[in-house]
Each structure stands twice: as structure tokens, then as C-alpha cells.
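Q: One structure coming up, written as C-alpha cells, with questions to follow.
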Amino acid sequence: MAPGQRPGRDSPRWRPFAGPLGPSSLRQALSILNAMFSWLVEAGYLAGNPLALSRRKRRHAAPRVSRFLPEAHWELAKAAIEAMPASSEREKLQASRTRWLFSLLYIGGLRVSEICAAGMGGFFCRRGVDGRERWWLEITGKGSKTRLVPATGELMAELMRYRRAQGLSPLPHEGESTPLEMTLIAPLKPMARSAIHELVKAVMKDAAASLRKHGPDHETSAAQLEQASTHWIRHTAGSRLSEKVDLKVVRDNLGHANISTTSIYLHTEDDARHDATMAAHRIGWRSP
């Protein structure tokens with residue numbers, strides 16, 4: 001037998017239990033013991049499984065979210081958008097598109113990938129169990145999971161404002177394929193992710209410039225503001241909303257949890273989530 005080679009099962013020198021178990025053998029042994037203890041618990045022989053705690057994965061505390069905009073910085077970003085030039089037709093379209101993008105990111109809490117993939121046909125109106133009609137936006141998010149985002153009165157007003165600027169009817173029709181966020185040139189196509197990121201960065205750069213006008217003491221804050229990205233706005237929306245409504249509303253709005261298959265029957269819960277979002281969550285553009 002070659003040096004370092006282990007003897008086979010047919011060898012008189014075979015010693016299967018000599019030395020410690022290898023990692024794979026150890027995992028298999030623990031799995032077998034865990035199954036045995038679980039059976040003993042189910043059969044009533046044991047009150048609990050002694051291996052359950054040792055096999056449970058350690059839960060690491062989620063890091064504190066720091067990539068969000070303080071209220072003052074968020075106001076500067078909105079002011080930068082509202083101050084965008086609108087002399088030419090192209091500038092008007094750019095300003096309108098930027099305001100609509102930030103409305104989707106903040107009011108809707110959408111991911112950039114969701115904005116790029118969605119069409120305006122995803123908006124629909126549904127009558128609730130209380131007889132009231134509410135608008136929703138159906139989004140396909142991570143893992144191809146579908147969720148309903150409350151299209152509040154403010155978001156619908158911004159949608160109509162954006163569509164009018166594009167020469168479209170105020171409201172989309174069912175199944176409309178118009179991109180949620182469009183390019184400025186024909187033929188109209190969905191904005192690329194890179195273009196959306198660049199647009200947000202340009203707004204943050206303008207907001208940082210306005211902050212620097214207050215003096216050198218604001219340089220650190222201005223530099224941080226320039227680092228803000230599209231996902232910062234989503235975090236900002238989640239942070240603001242979580243201060244005012246139940247966390248389950250935030251979870252469902254942002255798509256942090258899978259939607260149960262029974263949720264299609266829970267219109268009462270959906271309606272309450274819509275009302276809570278509409279009452280507490282606004283972007284608050286100063287100009288109509």
C-alpha cells in the first residue's frame with residue numbers, strides 16, 4: 001500500500017473509527033442524531049430536541065441602514081429637481097421625467113430594476129370591500145415575485161402629470177406597454193439602469209452644490225450627499241414610512257417578504273395598507 005493511502009474495507013488494517021470524524025461525516029452523524037431526537041419528541045419520549053439549539057444558525061444583527069437621506073438633504077434634492085431648467089421642450093421633458101422617477105423611487109419605493117421592467121399597464125383600479133376605488137401598481141420584483149404597490153392619490157397625480165408632458169392620455173389603459181420611465185427620443189423605450197443612475201447622481205450633485213453655498217462647514221454633508229444613489233432614496237422612503245405606519249405595511253410595499261398565495265383574498269388588509277400609505281407617505285412637491 002502506498003504511503004498515506006488508507007487501507008480498504010477488505011484489509012485487516014481497516015480502522016473506520018480511528019481518529020476524529022471528518023467534516024462530512026460529522027455533519028451526517030449530527031443529521032442522523034437530530035432526526036432521531038425529533039422522532040423521540042414527536043413520539044412523546046422527550047420534551048424537546050437537545051440538538052435543535054446547537055444546529056440553529058446564528059442570527060447576525062442586521063447592520064444599521066446608513067445609506068439614506070436626512071430630511072434636510074431630501075428637501076435639497078427635491079428643490080434641485082423643482083429648479084431644473086424648462087426653457088426648451090427637451091428640458092421640460094427631462095425635468096418631468098426626473099420628477100416622475102423620484103416619485104416612483106420614493107412614493108412607490110421601487111427598485112431600479114423594477115422601474116426598468118415595468119409598463120404603465122401595471123396600473124389598475126380596484127374597488128375595495130368598503131366600496132371605495134383604489135389605484136394599484138402591479139410590480140414583478142426579485143425572484144419574479146409579484147406584489148401590489150399602493151398607487152396613492154399623489155402618485156397617480158404625478159403619473160398623469162408625466163403622461164401629459166409626454167403627450168399621452170392622463171391614465172394608462174389596461175395592458176398598455178408604455179414603459180414606466182421612458183427615453184426622451186423616439187421610439188420610446190424603457191430607460192436603461194445606467195441612465196437612471198446617472199440622472200439621480202446629477203440631481204444629488206446639484207443638491208450638494210446648493211449645500212456648499214452655505215459655507216465650508218457643510219463640505220462633509222455635501223460630499224455625503226453626492227454619494228447618494230437610487231437605493232438611498234428607497235431606504236429613505238422605507239425609513240420615513242416605518243416611522244408612521246405598521247412595519248408590515250413597509251414590508252409589503254417594498255417587497256421585503258414573499259406575498260402569500262392567500263393574499264388575493266385579503267382585500268380588507270390590502271385596503272388598510274393602501275389607506276395607511278396614502279395618509280402617511282407623501283413626497284410633497286411644492287409646485288402643482
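Just so you know, all these numbers are worked out from the coordinates, no wet-lab data involved. Being a predicted model, the structure only gives us computed values, none of them experimental. Note that each Cβ is placed from the backbone with ideal geometry, even for glycine, and that neighbours are counted across all protein chains shown.
Q: Please report the net charge: other residues with Cβ closer than 11 Å to the Cβ of Leu171, K and R +1, D and E -1.
A: 0
Q: Under a 10 Å cutoff between Cα atoms, tell me which one of Gly175, Gly44, Gly153 has the largest fluctuation in the Gaussian network model of the chain.
A: With Cα springs under 10 Å in the chain, the top fluctuation among Gly175, Gly44, Gly153 is at Gly44.
Q: Only Lys, Arg, Asp and Glu count, each charged at its Cβ (+1, +1, -1, -1), so figure out the dipole size of the stretch 71-280 about its Cα centre, rounded to 20 debye.
A: Computed about the Cα centre, the dipole is about 380 debye.
Q: With springs only between Cα atoms under 10 Å apart, run a GNM on the chain and tell me which of His274, His231, His218 wobbles the most.
A: Residue with maximal mean-square fluctuation among His274, His231, His218: His218.
Q: Taking each pair of different alpha-carbon atoms in the chain once, compute 1/r for the pair, average those values, and report the inverse of that mean as the Kirkwood hydrodynamic radius in Å to one decimal.
A: Computed over the chain, the radius equals 23.0 Å.
Q: Too long at a 31 Å Cα-Cα cut-off: which of Lys92/Lys248; Lys189/Lys248; Lys142/Lys189; Lys205/Lys248; Lys201/Lys244?
A: In this structure, Lys92/Lys248; Lys189/Lys248; Lys205/Lys248 exceed 31 Å between Cα atoms.
Q: Calculate how steeply helix 193-212 sits against the longest principal axis of the alpha-carbon atoms of the chain, using the helix alpha-carbon long axis, and give the answer as 0 to 90 degrees to the nearest 10.
A: Its long axis makes an angle of about 70 degrees.
Q: What does the C-alpha gyration tensor say about the overall shape of the stretch 135-269? Classify as rounded when a/c is under 1.5, otherwise prolate if a/b is larger than b/c, or oblate.
A: oblate
Q: Give me the three principal axis extents of the stretch 88-129 from the C-alpha atoms, as integers in angstrom, largest value leading.
A: Answer, in whole Å and largest first: 46, 21, 17 Å.
Q: Ok, one more. What does the charge count near Lys145 come to, summing +1 for each Lys or Arg and -1 for each Asp or Glu among other residues with Cβ under 15 Å from its Cβ?
A: Summing Lys and Arg as +1 and Asp and Glu as -1 gives +1.
Q: Given the options Ala86, Ala72, Ala18, state which has the largest fluctuation in a GNM of the chain using a 10 Å cut-off (strictly under) for Cα springs.
A: Maximum among the listed residues: Ala18.
Q: HN-Hα J couplings of the stretch 135-141 from phi, Karplus 6.51/-1.76/1.60, θ = phi - 60°, integer Hz, Gly and Pro as x?
A: Going residue by residue, I get 8, 9, 10, 8, 10, 9, x Hz, with x marking Gly and Pro.
Q: Same structure, new question: Which whole-number percentage describes the relative contact order of the chain, with Cα contacts under 8 Å and a sequence gap of 6 or more?
A: RCO, the chain: 21 percent.
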